[in-house]
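Below is one structure, written out as structure tokens, with a few remarks after it.
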Amino acid sequence: MSPAASPAALLRALPLAALLLLSPARAVRQARRPNVVLILTDDQDVCLGGMTPLKKTNALIAQMGITFVNAYVPSALCCPSRASILTGKYPHNHHVVNNTLEGNCSSKLWQKIQEPYTFPALLKAMCGYQTFFAGKYLNEYGAEDAGGVGHVPPGWSFWYALEKNSKYYNYTLSVNGKARRHGENYSVDYLTDVLANMSLDFLEYKSNFEPFFMMIATPAPHSPWTPAPQYTKSFQNVSAPRNSNFNIHGKNKHWLIRQAKTPMSNSSIQFLDDAYRKRWQTLLSVDDLIEKLVKKLEVDGELDNTYIFYTSDNGFHTGQFSLPIDKRQLYEFDIKVPLLVRGPGIKPNQTNKMLVANIDLGPTILDIAGYDLNKTQMDGMSLLPLLRGDKNVTWRSDFLVEYQGEGYNGSDPTCPGLGPGVTHCFPDCVCEDSYNNTYACVRTLSASWDLQYCEFDDREVFVEVYNLTADPHQINNIAKTIDQEILEKMNYRLMMLQSCSGATCRTPGVFDPG
């Protein structure tokens with residue numbers, strides 16, 4: 001029997017192509033599950049031109065993949081929406097109802113009940129992914145009453161989270177549980193660029209033997225709308241869109257909308273135009289981040305095996321129904337968001353009109369990782385069949401929107417005449433929220449209907465209904481004129497969705513075939 005050949009001799013006998021295939025990093029990379037990158041912006045609308053400044057993002061993600069033109073959030077506010085992304089659940093199931101600790105935003109209860117079961121926790125524990133977070137997590141993250149920045153949620157291998165709400169300078173990051181303070185030097189402190197650099201460092205030094213998940217949550221375009229110095233002169237001639245619901249009285253709407261002063265003062269219009277322009281300026285740094293990230297993935301040979309998702313936590317308004325600036329309302333401009341995806345098996349330059357929501361992101365990413373979705377309690381659906389272009393996919397025709405208003409017992413000091421319960425008031429006493437700005441809606445989109453049905457939890461039990469086929473800007477509330485049978489069906493469907501959990505949130509809607 002001849003002696004066994006040495007490993008070195010065996011390798012010398014192999015051609016170069018075979019050696020390359022045997023390279024551990026390359027072999028593992030080819031065999032392993034796809035990587036996933038999720039970019040989450042803060043308060044970026046899609047209805048009012050929010051994607052317009054992002055030329056590179058459009059070229060590198062939208063044109064190379066799929067754009068969902070009917071993507072929504074179940075709650076038009078940062079913390080409830082982000083909790084829905086992380087858990088795949090509607091707010092009534094994750095119990096984060098607003099941006100306060102009392103509203104369960106990053107509270108100890110959230111940390112105990114929901115955080116262990118977020119999709120990143122499952123990716124890391126059950127699917128063997130290395131996970132990276134950088135940016136804004138939840139608005140009350142880092143609060144002393146909930147563990148401070150020393151709290152690192154389960155599921156994150158690398159954790160670079162912003163303390164509290166979006167800022168661009170003078171902020172604190174939790175770096176794997178240790179506080180790191182940043183100042184106001186553009187070259188080392190501008191948060192969007194810091195997130196870009198941290199992301200590139202992760203890609204440079206990560207393990208090549210495990211798939212990775214990255215979540216990058218930018219401050220842009222949230223207030224205080226501080227652009228990078230090189231972009232402060234951009235879009236000088238841009239102003240907020242003057243569409244048909246701009247600066248008009250919200251007649252036949254909930255009292256909070258009716259209280260807005262029409263026409264708006266010149267100072268309010270100037271303020272919102274300035275905010276609109278600065279929002280666009282801050283997004284140019286996000287566009288740069290996307291370009292750097294995609295280039296790095298390409299250079300590293302990872303791009304073809306990586307899904308990239310781009311979305312926002314909620315929309316925004318600038319002057320619609322004479323409300324200066326904010327989100328929180330039930331209308332399209334606040335609940336509709338961008339959603340772009342590129343990745344393995346996704347054909348370029350597609351648009352998809354299916355009704356999708358951010359509760360679908362968790363199930364989709366777990367599905368990509370090969371996790372059995374039946375083991376989760378998630379309310380959303382995997383988008384993977386839509387991303388792959390599967391034929392005859394059965395899909396939802398409606399989803400739930402819900403919000404619990406923020407308000408205080410005392411009067412707003414700037415507007416004492418309005419009485420208690422209002423909040424987020426502007427100098428001319430137009431308030432963007434109140435404790436009874438509490439509502440739930442069914443948003444329906446089917447072959448024959450494009451409807452929104454909403455009920456308020458207030459003394460009026462106020463109802464708003466819109467036919468978006470005839471009235472895309474939601475000017476005319478048709479609650480008193482729509483067919484009574486449709487009204488009753490929508491009311492019943494709303495009650496059902498408000499109590500749904502998991503699979504019962506995915507039952508056929510009012511206008512589904514059959």
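Within the stretch 142-167, residues that are within 25 Å of residue 123 (Cβ to Cβ) and charged (D, E, K, R) sit with their Cβ atoms under 8 Å from residues that are modelled with pLDDT of 95 or more and part of a loop (DSSP other than H, G, I, E, B), at 6+ positions apart or across chains, in these pairs: 163/141; 163/142; 163/171.
Assessment of the stretch 213-236 against the conditions (of a type in the set (Phe, Trp, Tyr), in a loop (DSSP other than H, G, I, E, B), farther than 30 Å from residue 263 by Cβ and open to solvent by 50 Å² or more (accessible area, probe 1.4 Å)) yields no matching residue. Applying the set (1) surrounded by fewer than 22 Cβ atoms within 10 Å (Cβ to Cβ); (2) in contact (Cβ under 8 Å) with a residue 24 or more places away in the chain; (3) more than 20 Å from the chain's Cα centre (by Cα); (4) over 30 Å from residue 210 (Cα atoms) to residue 351 leaves exactly one unmet item: (3). Candidates 311, 306, 318: the one that is over 20 Å from residue 214 (Cα atoms) and of a type in the set (Val, Ile, Thr) is 318.
Against the definition (of a type in the set (Lys, Arg), in contact (Cβ under 8 Å) with a residue 12 or more places away in the chain and either out of contact with any strand residue (DSSP E or B) (no Cβ under 6 Å at 6 or more places or on another chain) or farther than 25 Å from residue 89 by Cβ (or both)), how does residue 388 come out, yes or no? In short, yes.
Residues that are closer than 15 Å to residue 291 by Cβ, of a type in the set (A, V, I, L, M, F, W, C) and either in contact (Cβ under 8 Å) with a residue 40 or more places away in the chain or touching a helix residue (DSSP H, G or I) at 6+ places or on another chain (Cβ under 6 Å) (or both) within the stretch 35-59 comprise 37, 39, 54, listed in sequence order. Hey, could you check the stretch 354-377 for residues that are touching a residue at least 40 places away in the same chain (Cβ under 8 Å) and open to solvent by 20 Å² or more (accessible area, probe 1.4 Å) and say which is farthest from residue 86 (Cα to Cα)? This residue is 354. All of (1) modelled with pLDDT of 95 or more; (2) open to solvent by 30 Å² or more (accessible area, probe 1.4 Å) hold for residue 143 with one exception: (2). A search for C-beta distances below 9 Å between a residue of the stretch 330-347 that is of a type in the set (A, V, I, L, M) and surrounded by fewer than 23 Cβ atoms within 10 Å (Cβ to Cβ) and any residue that is part of a strand (DSSP E or B) and modelled with pLDDT of 95 or more, counting only pairs 6+ apart in sequence or on different chains, returns 346/66; 346/307. With respect to (1) open to solvent by less than 20 Å² (accessible area, probe 1.4 Å); (2) outside any loop (DSSP other than H, G, I, E, B), the lone exception for residue 295 is condition (1).
The values are calculated or read from the model by the stated rules, or taken from the named source; none is laboratory data. Small disclaimer: the values here were computed from a predicted structure and weren't measured. All Cβ positions, glycine included, derive from the backbone under ideal geometry; neighbour counts span all protein chains shown. The area values use the complete protein model at the heavy-atom level, side chains included, leaving out ligands, DNA and RNA. Shrake-Rupley method; radii C 1.70, N 1.55, O 1.52, S 1.80 Å.
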